[in-house]
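The values are calculated or read from the model by the stated rules, or taken from the named source; none is laboratory data. This structure is a prediction, so every number in the text was calculated from the model and none was measured. In this analysis, Cβ positions are derived from the backbone assuming ideal geometry, glycine residues included, and neighbour counts consider all displayed protein chains.
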Amino acid sequence: MTTAGAARDGEAAAGDAAERDREAAAAGDAAERDGEAAGAAERDREAARSGDAPAVDARSRALEVELDGVTKRFERGEGAALRGISLGVAKGELVVVVGPSGCGKSTTLRIVAGLEEADAGAVRIGGKSMAGVAPQDRDVAMVFQGYALYPTMTVRENMEFPLKMRKVDPVERRKRSNEAAELLSLGRLMDRLPSELSGGERQRVAMGRAIVRRPRVFLFDEPLSNLDAALRQELRVEIGVLVRELGVTAIYVTHDQVEAMTLADRICIMNKGEIQQVAPPRTIYEAPATSFVATFIGAPKMNLLAGTVADGAIACGPFTLAAPAGRRLPERVVVGVRPEDVRLVGAGDQGATKLEVALAEPLGAETNFVLRAGDVELRARASGFDPRDKGAAVHVSLAGAKLHFFDAAGAGARLP
Ligand SMILES: Nc1ncnc2c1ncn2[C@@H]1O[C@H](COP(=O)(O)OP(=O)(O)O)[C@@H](O)[C@H]1O
Ligand SMILES: [Mg+2]
């Protein structure tokens, strides 16, 4: 269809655009096309908020979103995409789900949205089972990596479209799109077409389109990963402020640990279809539950060294460390040390162990080193510009450093 044709046909063009959209956005809007269903959802939500909702148990009422032992296997997938995951998100909470590519983040989100069906386990939103509940009746809005805007509609039309489909009257539509524009600093762009916007502006409009619906739960799937670093940082801050200002419950999926650390009330770390840890960012950093979590969060990564415990000492690469008092460690452990806890010391200092600089990365505020002794590598961090370069001898002490201990076998669980 030509641009002119599209413009002439208004709604029809929107239908085409929806088909072209990533299926997710389409699912959201397809849902909205069904005015009746959406109306029902709206009524339900009002009922729930005014307390006339069907009785639910007190525990689940406090949780806005619950996944309970959810498993998912795709017909063509290798193994299970989700292996019995359980996660509760409290009302008004922002949980960031983070993990490497393919670990099951999007699948988790899509199951909450109803775009994908779990093989087993339960999903509850607002304490109600979502079994058999269509996406449009779930009162969630999803924001994606792709912007999925209708190309022939202005910013304002794009933002008001979900409301129009829900037969919200024009005065209310205008009021809500103005509010969203204000929140997202889109005021001066309201009459532009998506093609006349930058990537960051388009992503803001996509968020605006989710906001105007006033959903119970926001679902973000890597909304910033198409943007350049500077813009990502700017929008990340904005999203955090926005979600908190709106007081809305949100699940935010990313593979970026900085987004996770800065945005989350709690971080949920996934690997290979399983949840490894759910905790506030600081706990994740200071007390990672597994060696996977330990190395996934933190840059440069935490060092993990194989250690052998005997007679109150731990032999660990070139180091001999005092075993922590009052703890019973197994004979074989994995010792974790964050780069900032590796102390660069003088040759004569207590516990000084000699290593060689294999790589020096001066970043300005800090210099990151990869040090080597035999086949053991150790990442270390010094502040500012450090003059030592490749080949230089350095002395390191782990005496008194904060050490983490993990099981050398199995899933690498943190040792008590
Ligand atoms: N429609 C599908 N068909 C087959 N396999 C899929 C499908 N969607 C996802 N998967 C597989 O499920 C796993 C989890 O995928 P996904 O949830 O998209 O991961 P993430 O979002 O964390 O990168 C991956 O191994 C992926 O290849
Ligand atoms: Mg994904």
Residue pairs qualifying under the 7 Å Cβ cut-off, at least six apart or on distinct chains, with the first in the stretch 212-233 being assigned by TED's automatic domain parsing to the domain that holds E157 and the second being away from ligand 2 (no atom under 16 Å from the Cβ) and of a type in the set (S, T, Y), are V212/S177; R216/T249; V217/T249
Log entry, pairs with first residue in the stretch 387-416 being within 27 Å of E331 (Cα to Cα), second being of a type in the set (V, I, T) and part of a loop (DSSP other than H, G, I, E, B), beta carbons closer than 9 Å, six or more apart or on different chains, reads V396/V342; S397/V342; L398/V342; A401/V342
Given (1) part of a helix (DSSP H, G or I); (2) more than 27 Å from I125 (Cβ to Cβ); (3) at pLDDT below 90, L235 misses just (2)
Among (1) surrounded by fewer than 20 Cβ atoms within 10 Å (Cβ to Cβ); (2) closer than 29 Å to L63 by Cβ, S185 falls short only on (2)
Item checked: Condition check for G146: modelled with pLDDT of 95 or more and either within 16 Å of ligand 2 (Cβ to nearest atom) or surrounded by fewer than 24 Cβ atoms within 10 Å (Cβ to Cβ) (or both) -> no
Checked S185, S225 against criteria (small (G, A, S), at pLDDT below 90 and within 16 Å of ligand 2 (Cβ to nearest atom)); the one match is S225
Result of the Cβ filter at 9 Å on the stretch 120-140, keeping first residues that are over 14 Å from A62 (Cα atoms) and without any contact (Cβ under 8 Å) to a residue 40 or more places away in the chain and partners that are buried (at least 18 other Cβ atoms within 10 Å of the Cβ) and β-branched (V, I, T), at least 6 apart or interchain, is S129/V123; M130/I111; M130/V112; M130/V123; A131/V123; V133/V123; V133/I125
Restricting attention to the stretch 243-287, the residues that are within 23 Å of S185 (Cβ to Cβ), buried (at least 20 other Cβ atoms within 10 Å of the Cβ) and more than 16 Å from ligand 1 (Cβ to nearest atom) number exactly 4
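Looking at the stretch 133-231, what helices (runs of 4 or more DSSP H) fall wholly within it and have at least 1 residues that are more than 16 Å from ligand 1 (Cβ to nearest atom) and more than 27 Å from E259 (Cα to Cα)?
Values: elements: 155-165, 170-184, 199-211.
Where helices (runs of 4 or more DSSP H) fall fully within the stretch 133-231 and carry at least 1 residues being more than 16 Å from ligand 1 (Cβ to nearest atom) and more than 27 Å from E259 (Cα to Cα), they are 155-165, 170-184.
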Residue count, the stretch 190-222, condition within 16 Å of ligand 2 (Cβ to nearest atom), in contact with a Leu (Cβ under 8 Å, 6 or more places away or on another chain) and charged (D, E, K, R), comes to 1
Filtering the stretch 84-132 down to residues that are among the hydroxyl-bearing types (S, T, Y) and more than 9 Å from ligand 1 (Cβ to nearest atom) yields S86, S129
Condition set of a type in the set (S, T, N, Q) and at pLDDT 95 or above, scope the stretch 330-379, selection farthest from R414 (Cα to Cα): answer is T367
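Per-residue answers, yes or no, for (1) within 30 Å of I85 (Cβ to Cβ); (2) surrounded by fewer than 23 Cβ atoms within 10 Å (Cβ to Cβ); (3) touching a helix residue (DSSP H, G or I) at 6+ places or on another chain (Cβ under 6 Å):
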site: E117; (1), (2), (3): yes, yes, no
site: A122; (1), (2), (3): yes, yes, no
site: G132; (1), (2), (3): yes, yes, no
site: D137; (1), (2), (3): yes, yes, yes
site: P151; (1), (2), (3): no, yes, yes
site: R156; (1), (2), (3): no, yes, yes
site: M159; (1), (2), (3): no, no, yes
site: K167; (1), (2), (3): no, yes, yes
site: E172; (1), (2), (3): no, yes, no
Here the residues within the stretch 339-364 that are of a type in the set (G, A, S) and touching a strand residue (DSSP E or B) at 6+ places or on another chain (Cβ under 7 Å) are G346, A347, G351, A352, A358, A360
Pairs returned, first residue in the stretch 98-111 that is outside any loop (DSSP other than H, G, I, E, B), second residue that is within 9 Å of ligand 2 (Cβ to nearest atom) and charged (D, E, K, R), beta-carbon separation under 9 angstrom, 6 or more apart or interchain, are V98/K105; K105/D221; K105/E222; S106/D221; S106/E222; L109/D221; R110/D221
Going through the stretch 228-263 in order, the residues found to be charged (D, E, K, R) and under 21 Å from G104 (Cβ atoms) are D256, E259
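Whether any residue in the stretch 322-329 is in a strand (DSSP E or B), modelled with pLDDT of 95 or more and closer than 17 Å to A399 by Cα is what I want to check. If you could, list the steps in order and put the result at the bottom.
First, pick out the residues of the stretch 322-329 that are in a strand (DSSP E or B): 322.
Filter again for modelled with pLDDT of 95 or more, leaving none.
Checking the stretch 322-329: not a single residue is in a strand (DSSP E or B), modelled with pLDDT of 95 or more and closer than 17 Å to A399 by Cα.
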